[in-house]
Amino acid sequence: MLLWFDRSLPTIGPGFLTSAALAAFLQIFGTALLILLFRMRNFAVGSTYVRSEVIMAAILGTVFFAETIDIYGWTAIFVSVAGVVMISAVRSGIGGLALAASVLNPSAAIGVTAGLCFALSSFHIREASLSFGDPDFIYTAAVTLVTVVTLQTIGLATVILVTRPQDFCVIARHWKPALFVGMTSAFGSIGWFTAMTIERVSYVKALAQVEFLFALMVSILVFRERPSRREFGGMCLTTLGIVTLVVFA
């Protein structure tokens, strides 16, 4: 990108590095909590509570990061999250009462903590990218992305080298699926970092709930699964929230 736009690397200040390092650490810690959820019996409960990330992002943004959200924005956030939670609950076989009763479950606490980590990480990504004061948002988002991923790569590689060096051989053997996941994740991250540079984190998170609609469309079109009434209701709620966000907020 530097070659294409004939730009040079910006001056990296302590404010940028602090925000980038916090974003990198919080993303890793949140992902580690998600992996921990896979090992727990109540993974479905925890993964559903991770969806509270959008609500937490809205509250954190309003209280600590001076993000102004109008009534349409709050409506869109709550409606879209309600739709996603409904879809998640149906897919995991959890009833509404069972989900509410599981609020004190350890897996629910881990899920909420993971969501909090991802929400905070997003704000630090935005802070890092905006710290340059450069109107070229693609440029600042790219610098932030490369910095965060580099810090994560160095940190994780160091941990593996110290604790389980033999795992490098396992990683090398599985390079094909790792390459596919890495490339798709990279393109996704480009979208995330760029969006969070130019728009409020809470709105970006709310719009990203469209991911669940894509997942359901794949299951219907590719795997010939038929959505239930509650899944269809969740899809409608999520779509309504996203339309409200895009049109009115």
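Which whole-number percent gives the relative contact order of the stretch 121-249, counting Cα pairs below 8 Å spaced six or more residues apart? The value is 30 percent. Per-residue ellipticity at 222 nm from helix content only, as computed over the chain with -39500 (n - 2.57) for each DSSP H run of at least four residues, stands at -25500 deg cm²/dmol.
Please give the length that would be gained between THR163 and GLU211 if that part of the chain were fully extended, namely 0.36 nm times their separation in residues minus their C-alpha to C-alpha distance (nm, one decimal). Provide the component values of the computation, followed by the final result.
Working: separation 48, 0.36 × 48 = 17.28 nm, distance 3.51 nm.
Here the segment from THR163 to GLU211 would lengthen by 13.8 nm.
Restriction of the GluC sites (Glu not before Pro) in the stretch 196-248 to DSSP coil positions whose beta-carbon has at most 16 other beta-carbons within 10 angstrom yields GLU199, GLU225. Largest GNM mean-square fluctuation among THR113, THR18, THR144, using the chain with Cα springs under 10 Å: THR18.
Surface calculation, 1.4 Å probe, protein heavy atoms: CYS169 sits at approximately 80 Å² accessible. Which of these, ALA215, ALA141, ALA21, has the largest mean-square fluctuation under a Gaussian network model of the chain (Cα springs below 10 Å)? Of ALA215, ALA141, ALA21, the Gaussian network model singles out ALA215 as fluctuating most.
In terms of overall dimensions, the C-alpha atoms belonging to the chain reach 54, 49, 37 Å along their principal axes, ordered largest to smallest. Sequence-distant contacts, meaning Cα pairs under 8 Å at least 6 residues apart, place the relative contact order of the chain at 35 percent. Take the stretch 113-172 with all the other protein chains still there, run a 1.4 Å probe, and you get 51 Å² of accessible area per residue. What number comes out for the charge environment of LEU34, summing +1 per Lys or Arg and -1 per Asp or Glu over other residues with Cβ under 14 Å away? In short, +1. Spacing of the modelled spin labels on VAL222 and TRP4, each 7 Å from Cα toward Cβ, amounts to 2.6 nm.
Take the Cα of LEU36, step 7 Å toward its Cβ, do the same at ILE198, and the gap between the two points is 3.7 nm. In the elastic network of the chain, a GNM with C-alpha springs shorter than 10 Å, the most mobile of ALA172, ALA32, ALA206 is ALA172.
The values are calculated or read from the model by the stated rules, or taken from the named source; none is laboratory data. Predicted model, so just to flag it, every value in this text is computed and none were measured. FYI the Cβ positions are ideal-geometry reconstructions off the backbone, even for glycines, and counts take in every protein chain you see. Please note that ligands, DNA and RNA were not included when accessible areas were found on the heavy atoms of the full protein model with its side chains. Shrake-Rupley method; radii C 1.70, N 1.55, O 1.52, S 1.80 Å.
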